[in-house]
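*Asks:* Can you keep this structure in mind? I'll have questions shortly.
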Ligand code: SF4
C-alpha cells in the first residue's frame, strides 16, 4: 500500500491558497482513487483531480514534446521538426477525442480529461484549433532558436535533467520540484524553464525553490547556479536570466515554512498526514475560483 506522505510543491501551495477544501479533495479524498474498486466519491475526486483546462493541456503537451525531442537528441537520435509537430498534433487529437468521449472516467491514468468537456463549456472549434496552433508554434520556435542549435551541437554529458521529478527535505516535508531542463556548463548549473503561456507572472517563488533545490542537490554556492526563463511563445525566444540571490532564497524559505505550517494546522496527525474532518477545510470565498475548479461537481458547497 502506498503511503500518503506529507509533501509540498508550489502547486500544492496554490491549491491551498485558492481553497482549502479543494486542497482536501486533491490530497486526501482522491487518495486511492486510481483503483477502479475505490469508493465512488474517491474515484470521482481522483478523476476530477486529473482534469486539465485547455491552457494547462497546451503547456503540458508542449513540454512533453520538447522532453521527447531533447531525450532523443541525447540518445543521438534527433527528431526532425516535422516529426515532432506531427507527434504533437496526433497526441492532442487523441487527447481531445478521448476527453470528449469521457474515457478518462474509465482510465484516468491513460486518458486526458479536459475541464471544458467535463463541465460542458461551450468552446468553439476555432478556439480548440488555436490551442493546438499555439502549442505547435511553441515547438516551432524551440526548433528555430539559437538555444536549440547550441543544445544540438554541444556535448550532452553535461545535461543533468529533463523533466525529472525530484524531491528534497524542508521543515520535515518532502518538497517536489520538476525542472524542465538543467545542464552543467563551464562549472555552472543552468536551469531552464520553458514558458508556453503569457509571461508576466511572478516567478520568484519558483526560482527560489529551484535555487534551494540546486544548492542541496549539487552542493553548489549560489554564484554557480543560474536560472532562466525561455519563453516559447516568442518567435525568437532567448534565455532570460532570473535573478537568484540569498534574499530570494530566504523569501522562498519563509513562504514555504508559512505554507507548510498553515497546512499542518489542518491535520489531525501531522506525522501520519491524517487530516482533520473535512469541515475544517474552508470553502473558497470567491465564486470565480469555484467557476474554474475541477472539483465543482462533487463539492459540498454546491451539492
Ligand atoms: S468548488 Fe469552490 S469551494 Fe468547492 S472545492 Fe472548488 S474552489 Fe473550493
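*Asks:* Quick one: P(r) of segment 196-241 from all Cα-Cα pairs, 5 Å bins, percents rounded to integers, in order of increasing distance.
*Replies:* The percentages, shortest bin first, are 5, 19, 26, 20, 15, 11, 4, 0.
*Asks:* In segment 153-261, what percentage of the DSSP-assigned beta bridges are antiparallel, given to the nearest 5? Can you show the working numbers first?
*Replies:* Values: 19 of 26 bridges.
If I count the DSSP bridges inside segment 153-261, around 75 percent turn out antiparallel.
*Asks:* Based on DSSP, what percent of beta bridges with both residues in the chain are antiparallel, to the nearest 5?
*Replies:* 70 percent
*Asks:* Okay, moving on. What's the whole-number percent of alpha carbon pairs in segment 153-261 lying beyond 18 angstrom?
*Replies:* Tail of P(r) above 18 Å: 50 percent of Cα pairs.
*Asks:* When a/c reaches 1.5 or more, the comparison of a/b and b/c decides; with that in mind, is segment 30-73 rounded, prolate or oblate per its Cα gyration tensor?
*Replies:* Taking the square roots of the gyration eigenvalues as a ≥ b ≥ c, segment 30-73 is oblate.
*Asks:* Shape call for segment 127-202 from the C-alpha gyration tensor, a ≥ b ≥ c root eigenvalues: rounded (a/c under 1.5), prolate (a/b greater than b/c) or oblate?
*Replies:* Note, shape of segment 127-202 comes out oblate.
*Asks:* Which semi-axis lengths, in whole Å and largest first, follow from the square roots of five times the eigenvalues of the Cα gyration tensor of the chain?
*Replies:* 32, 27, 17
*Asks:* Moving on. How high is the relative contact order of the chain? Use alpha-carbon pairs under 8 Å, at least six apart in sequence, and give a whole percent.
*Replies:* Details: 407 pairs, mean separation 63.1, N = 303.
Across the chain, relative contact order equals 21 percent.
*Asks:* Moving on to the next point. As a footprinting exposure proxy, order 138, 290 by other Cβ within 10 Å, with the fewest listed first.
*Replies:* Details: 138 26, 290 19.
Lowest to highest Cβ neighbour count: 290, 138.
*Asks:* Taking a point 7 angstrom from the Cα of residue 67 along the C-beta vector, which residues in segment 185-214 have backbone N less than 19 Å away?
*Replies:* Correct set: 191-197, 210.
*Asks:* Another one. Note down the relative contact order for segment 1-99 as a percent, whole number, built from C-alpha pairs under 8 angstrom at least six residues apart. Don't jump to the answer; show the numbers that get you there.
*Replies:* Working: 52 pairs, mean separation 14.2, N = 99.
Once normalised by length, the contact order is 14 percent.
*Asks:* Please give the length that would be gained between residue 269 and residue 123 if that part of the chain were fully extended, namely 0.36 nm times their separation in residues minus their C-alpha to C-alpha distance (nm, one decimal).
*Replies:* Result: 48.2 nm gained on full extension.
*Asks:* Moving on. If each residue's Cβ is checked for other Cβ atoms within 10 Å, how do 149, 251 rank with the fewest at the top?
*Replies:* Neighbour counts put them in this order, fewest first: 149, 251.
*Asks:* Also, I was wondering about something else. For residue 130 and residue 17, compute 0.36 nm times the residue count separating them, minus their Cα-Cα distance, and round to one decimal in nm.
*Replies:* So the chain would gain 37.6 nm between residue 130 and residue 17.
*Asks:* Per DSSP H run of n ≥ 4, the term is -39500 (n - 2.57); total these for the chain, divide by its residue number, and report the mean residue ellipticity at 222 nm rounded to 500 deg cm²/dmol. Before the final figure, lay out the partial values.
*Replies:* Numbers: 11 runs with 136 residues, N = 303.
That comes out to -14000 deg cm²/dmol.
*Asks:* Next up: What's the FRET efficiency of residue 169 with residue 107 using the Cβ-Cβ distance as r and R₀ = 30 Å, to the nearest 0.05?
*Replies:* 0.35
*Asks:* Distance in nm between label sites at residue 297 and residue 185, each 7 Å beyond Cα in the beta-carbon direction?
*Replies:* 4.5 nm
*Asks:* Which whole-number percent gives the relative contact order of segment 153-261, counting Cα pairs below 8 Å spaced six or more residues apart?
*Replies:* Once normalised by length, the contact order is 23 percent.
*Asks:* Okay, moving on. Taking the beta-carbon count within 10 Å as an exposure proxy, list 117, 64 from fewest neighbours to most.
*Replies:* With the sparsest Cβ surroundings first, the list reads 64, 117.
*Asks:* Grab the Cα-Cα distance for residue 220 and residue 74, subtract it from 0.36 nm times how many residues apart they are, and report the gain in nm with one decimal.
*Replies:* Contour length minus the Cα-Cα distance gives 50.1 nm.
*Asks:* Taking the Cα-to-Cβ direction at residue 4 and at residue 55 and moving 7 Å from each Cα, how far apart do the two end points lie in nm?
*Replies:* Result: 2.9 nm between the two label points.
*Asks:* Roughly how far apart, in whole Å, are the Cα centres of segment 239-287 and segment 136-206?
*Replies:* First find each Cα centre; the distance between them is then 24 Å.
Quick note: the coordinates plus some simple rules give every number you see, no bench work behind them. Please read all numbers here as calculations on a predicted model, not as lab measurements. Methodologically, a virtual Cβ is constructed for each residue, glycine included, from the backbone with ideal geometry; neighbour enumeration extends over all protein chains shown.
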